[in-house]
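A short worksheet on the structure shown next.
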Amino acid sequence: MRFACLRSNRWRTTNNGSPRVCKRRQRWCNQTPAATESPLWLGVDLGTCDVVSMVVDCDGQPVAVCLDWADVVRDGIVWDFFGAVTIVRRHLDTLEQQFGRRFSHAATSFPPGTDPRISINVLESAGLEVSHVLDEPTAVADLLQLDNAGVVDIGGGTTGIAIVKKGKVTYSADEATGGHHISLTLAGNRCIRWKRRSSTSAVTVKRFGLR
């Protein structure tokens, strides 16, 4: 699957601004997939906060999603390789039970400026052949079919940036700052206890440091 094949008109919002597809998609996450007889494509995203495996049909419509909150990636780098492979294998097992066959190919993405082999190695170790790989902001630009625009993709641990001119990505970069760092900054400013969703530990953040 290429995440880029998804078209923006499939993710339009309702009049009140809420995503039209959210409620419908929620029941597919780690649960019962949507019924379909079309060819299926798999994409795997190794994120700072979670690992997501999504199955789409030939029209780019999501039909199943597996999501695990996990602390296996930090600042765009897979630091817990075995943990990442274990999660992807578990997703493949779940999808095999749901669809009656095991996926052999998948697409994936990576933060700009990092080695794409890191993500590829995880998928290959889980028994998958990588069919396509894109850096994250380029995948977003292709997804939305942008002509002239700037893309800012804020993730849990990194922020990807891409410049699109005449439908072509002319520049992409990545900063090792994301939602995790924003949470730390806010917690430090308010002197509150903050706990990562994917971690069992908690820290009390002081205004001028961590304790």
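Just so you know, all these numbers are worked out from the coordinates, no wet-lab data involved. This is a predicted model, so every value here is computed, not measured. Cβ sites come from the backbone with ideal geometry, for glycine too, and all protein chains shown count toward neighbours.
Below is a table of values for the structure above.
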{"read-out": "Base-10 log of normalised Debye intensity for segment 38-116 (one unit scatterer per alpha-carbon) at q = 0.11, 0.12, 0.20, 0.24 Å⁻¹", "value": "-0.29, -0.34, -0.88, -1.15"}
{"read-out": "Loop-resident sites, segment 157-186, for trypsin sites (Lys or Arg not before Pro), counting at most 12 other Cβ within 10 Å (DSSP)", "value": "LYS166"}
{"read-out": "Span from the segment 139-182 Cα centroid across to the segment 65-88 one, whole angstrom", "value": "21"}
{"read-out": "Note, ³J(HN,Hα) from phi for segment 185-191, Karplus 6.51, -1.76, 1.60, rounded to Hz, x at Gly and Pro", "value": "5, 5, 5, x, 5, 9, 6"}
{"read-out": "Amide H partners (placed H, <5 Å) of HIS105, local residues excluded", "value": "GLU129"}
{"read-out": "Long-range HN-HN contacts of ARG74 with modeled amide H, under 5 Å", "value": "TRP79"}
